[in-house]
Every structure is written in structure tokens, then in C-alpha cells.
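All remarks here apply to the structure that follows.
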Amino acid sequence: MRGRDILREIISDSIEKDFKHILPREVTCPLDVPKIISLVGARRTGKTSLCYNAINRLRKTVGPERALYVNFEDDRLYPATISVVDELIRVYFEMYPENKNRLTYFFFDEVQEAPNWEKFVRKLIDQENCRIFITGSSSGLLGKELATSLRGRTLPVQVFPLSFSEFLKFNNVQFSGTHSSKDKAALKGRLNTYLYQGGFPELLNIPEQYHRSTISEYINIMLYRDISERYGIRNTSLMKYLLKYTINNISNLMAPHKVFRDLKSQGFSLSKNTLYDYLSYLEDALVVYRVQKWDRSVRKQAVNPDKIYVLDPSLKYAMFVRGDEGRALENVIFMELVRRGREIHYYKEGQEVDFLIDEKELINVCLDLSDFQTRQREIAGLATAMKTLGINESVLINWSEEGELDTGAGTVQFVPAYRFLLGH
């Protein structure tokens, strides 16, 4: 059993820790919901900071001793077994017996480090007057697993890298909100940086020359800990190649049979079932997103190729030279729609439309509309889709143009990307 003095030290460190320096995010932990709050997201997206922020908010109304933060990766807890953590809670109530009769708040970070952690959490929520908040890497704390292990007793909160508006706030970018020429230039400049730096919070405090190596390390952790170890994958070179392939093809259609042929041509030995499994593992790790073609027929929807997006544009920057800003911008718009909780498909009947949102909104993304043929193609695709689907208005997100155009089939609104991302 872990020494009780060490457990007291861990508890005291938590109670005395200063959380005031943590900047708030757009997503927050609900503090008064009688469910286990689970922060679900890929690595390095800021789940721990959300716990810190929640504790800081709590301390405005309750004493610091009523909110306990425990990091299950703390070396002092190693190995973090249920019996060790159970003893930690006993010591906590010995130190603060008055809390037995008061609502207390427990924050368990990287909880998957303790085998059978869900049994401990269920026991604690049943026996004590408490609120529980848990986080973990996607290697052991996926939303669908929580639904099974805790049987509907959780409220999952998805955590993503910083949105563009958060990126501005965390960089202390101030603008008047009047969209003056100065504001527009500043916002476009920051968006250009965001297209390759992305929104992993840690990068804000690291010199730019170390960004690529830092993101590469994130990728390796996701690849080897969150995927390979989790699913017992031995052919890690195949998984790494597939991850690199998908990242290089963001915002593109990806037909599995073509990927299969490409992998075979590279000398990999695999079955089509293995390919489908590996793609699903990338999705489970919350690194890769696949978007289906919209069709009234579910069968047709399933047989068409999916479009591929990734968690953050910086992943592409880490693996390849800079470029493809148009596809990076489309990926950024996609992730913003995911943050807003929208149902996303792509639409294609002849010409493709990038996004059909909730079956009622059409969006195309095109970085540069200066080429006449490109401009006409983007407008024609939206006009055809509006006419076919009976939608009166669509959006063409681009780098800087504003205004609207009546196509006869409906109105196309030209919206600069920075304005869309800021919700203006």
C-alpha cells in the first residue's frame, strides 16, 4: 500500500495549487450536473487545463479543500491501482472529515492509468456526496466505452484544440470589431499562421522552430500509445504509413479500394478488412474524421468514398512541407463545424459541394477566387445543389471577398474565412 504520508502530500499539493493563471476556454466543465463529467479528446488538446479552470471557478464559491485534483500519471501514485486511489480518498476524508457531510468535487486526470478505474468511480459516486470529473487519453477513455462501462451515468464533453477565436485570445490579439482595414489585415495574418500552427495549446509557449518536432511527438504518442498499444498492432509501419497517407489527403475524397491498392504497391501485406480496421482505429483515436456523401439512400451513402479531415491542420505541417493552404482552410472550417455540433455531409451530384450541414445549409470553401474558372465552378456547384435540394441560400467561404450573388437558383453569400470562424 502506498505510504499515507505520500498520499497526504498529494492531497495537500492539490489543495494548495494555484489555478488562477489558466485561461478559460470556450468549452467548460458543467459544475452542477449530477453526472460524471468526462472530458473526451485526443492528447494535448487541453483537458487538464479545463479541470484546472473548473477548480478555479469552484474556489470562488467553495473552499479549496472541497475540490481535489488527482493526476493518475503522478509518479508518486505509480502504479495507480484501485486500492491505492481508494486509500487516497480515505486519507482525504481523514484530513477533511467535515467534507463527509458536504458536496465535494473530485477531478481524476488520465484515469485510464488505473486498471478497472470505472469500478472505483461507480463506487465513489454511489457512496459519497460528490461530483466527479474524469479525463483520459483516447487510448482508454473513448465516449462509446464510457457509455458501456458507466451505463449512461456520464456526460461527455468533447475537447478539441483551440478554435481560431481561442487562438486569437490566447495570443492576446486585440481588434476593434469594426472590421477596419487594419483589423482585416491582422486577422488574415493570424489565420495564415493558424493554418499551419494549428490549435494545440502547448505550442503557444514554444518557439516556432520547435513546433514541428513537438507536433511530430504528439503524432508518435497518438500512433504508438493511443492506437498501436490499445489495439495490439504489431505492424506499426503500416499504421504510420496509413496515418501519413490520410494526413496528406485532408479535404480529399478517399476510396478505400484505392488506398488498398496504394498500400499493396508500397509492399505492405494486408487484407481489406485490416485496412478498414486501421481506418476505424484512427477515428477512434479522434485524429482522423471521415465525412460521408449525402444521399437519401443509406446504401448509396455507404458505397461512396468519404472525405478525410484531421484533428488539427498542424498535423499536416509536421509531416509535409508547407503548402496546400486551400485544403488546410477547408479542414479548419470542417473542425469549426464539428465544434459547433453540426451534422456534416458532402454533396455531389455532378459537381461537388464541400459541406451540406444539417441537410439544409450548403457551404463551399475556396481560398482564392481570383481565377475566373475556379470562381464559376464554385458558384455553379452551389447553384445546382440549391436548385436540387430546394435551398434558397448558400455560403462561399474564401480568403477575403464579401458580398452576395443571385444565381437564379438561390443566393450565394461570399464570406471571408476569418469572419465565419469568428461567428460574425
Added length on full extension, which subtracts the Cα-Cα distance from 0.36 nm per residue, residue 151 to residue 413: 89.8 nm
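What number does the range 16-140 give for Rg over Rh if you use C-alpha atoms and the Kirkwood radius?
Details: Rg = 13.8 Å, Rh = 14.9 Å.
When Rh is taken as the Kirkwood radius, the ratio is 0.93.
Over the range 369-424, what per residue volume does the convex hull of the Cα atoms give, in whole Å³?
Values: hull volume 4.2 nm³, N = 56.
Measuring per residue, one finds 75 Å³ for the Cα hull of the range 369-424.
Treating only the Cβ atoms of Lys and Arg (+1) and Asp and Glu (-1) as charged, compute the dipole magnitude of the range 162-329 about its Cα centre; round to the nearest 20 debye.
Values: 24 positive and 16 negative charges, 132 e Å.
Once rounded to the nearest 20, the dipole reads 640 debye.
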Fully extended contour minus Cα-Cα distance, from residue 380 to residue 209, at 0.36 nm per residue: 57.3 nm
Theoretical gain in end-to-end length, residue 276 to residue 361 [0.36 nm per residue, Cα-Cα removed]: 27.6 nm
FRET efficiency for residue 401 and residue 257, using Cβ-Cβ distance with R0 set to 35 Å, rounded to 0.05: 0.35
10 Å-binned pair-distance histogram of the chain (Cα, whole percent): 4, 19, 27, 24, 16, 7, 2, 0
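Run lengths n ≥ 4 of DSSP H only: what is the helix-derived mean residue ellipticity at 222 nm for the chain, with -39500 (n - 2.57) per run over all residues, to the nearest 500? Present the calculation step by step, with values, prior to reporting the outcome.
On the way: 16 runs with 181 residues, N = 424.
Counting only the DSSP helices, I get -13000 deg cm²/dmol.
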Distance between modelled label sites at residue 170 and residue 321, nm, 7 Å Cα→Cβ extension: 2.9
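Taking the number of other C-beta atoms within 10 Å as the exposure measure, put 96, 78, 418 in order starting with the fewest.
Details: 96 17, 78 12, 418 26.
Exposure proxy ranking, most exposed first: 78, 96, 418.
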The chain: antiparallel DSSP beta bridges as a percent of all, rounded to 5: 40
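Enter the per residue convex hull volume of the range 189-314, computed from alpha-carbon coordinates, in Å³ rounded to the nearest integer.
On the way: hull volume 16.4 nm³, N = 126.
Spread over its residues, the Cα hull of the range 189-314 gives 130 Å³ apiece.
Given the pairs 240/307; 300/387; 119/244, which are separated by over 27 angstrom at their Cα positions? Kindly include the intermediate steps, with their values, before the conclusion.
Working: 240/307 20 Å; 300/387 21 Å; 119/244 37 Å.
Among 240/307; 300/387; 119/244, the Cα-Cα distance tops 27 Å for 119/244.
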Where labels lie 7 Å past Cα in the beta-carbon direction, separation of residue 304 and residue 17 in nm: 4.7
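Fewest to most neighbouring Cβ within 10 Å: what's the order for 204, 286?
Ascending number of Cβ neighbours within 10 Å: 204, 286.
In the range 332-394, how does Rg compare with the Kirkwood Rh, expressed as the Rg/Rh ratio over alpha carbon atoms?
On the Cα set of the range 332-394, Rg over Rh gives 0.97.
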Virtual spin-label span in nm between residue 35 and residue 188, 7 Å along Cα→Cβ: 4.4
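Can you give the FRET efficiency for residue 82 and residue 269, using 1/(1 + (r/R0)^6), R0 = 56 Å, r = Cβ-Cβ distance, to the nearest 0.05?
On the way: r = 41 Å, r/R0 = 0.73.
Once rounded, the FRET efficiency stands at 0.85.
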For the range 267-371, convex hull of alpha carbons as volume per residue, Å³: 162
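Please compute the net charge surrounding residue 99, taking Lys and Arg as +1 and Asp and Glu as -1 over other residues with Cβ under 11 Å from its Cβ. Each step should come with its number before you reach the end.
Working: positive: 66, 100, 102; negative: 65, 94, 98, 128.
Neighbourhood net charge equals -1.
No value in this document is a laboratory result; all are computed from the given coordinates. Note that the coordinates shown come from a computational prediction; the quantities given were computed from them, not determined experimentally. FYI the Cβ positions are ideal-geometry reconstructions off the backbone, even for glycines, and counts take in every protein chain you see.
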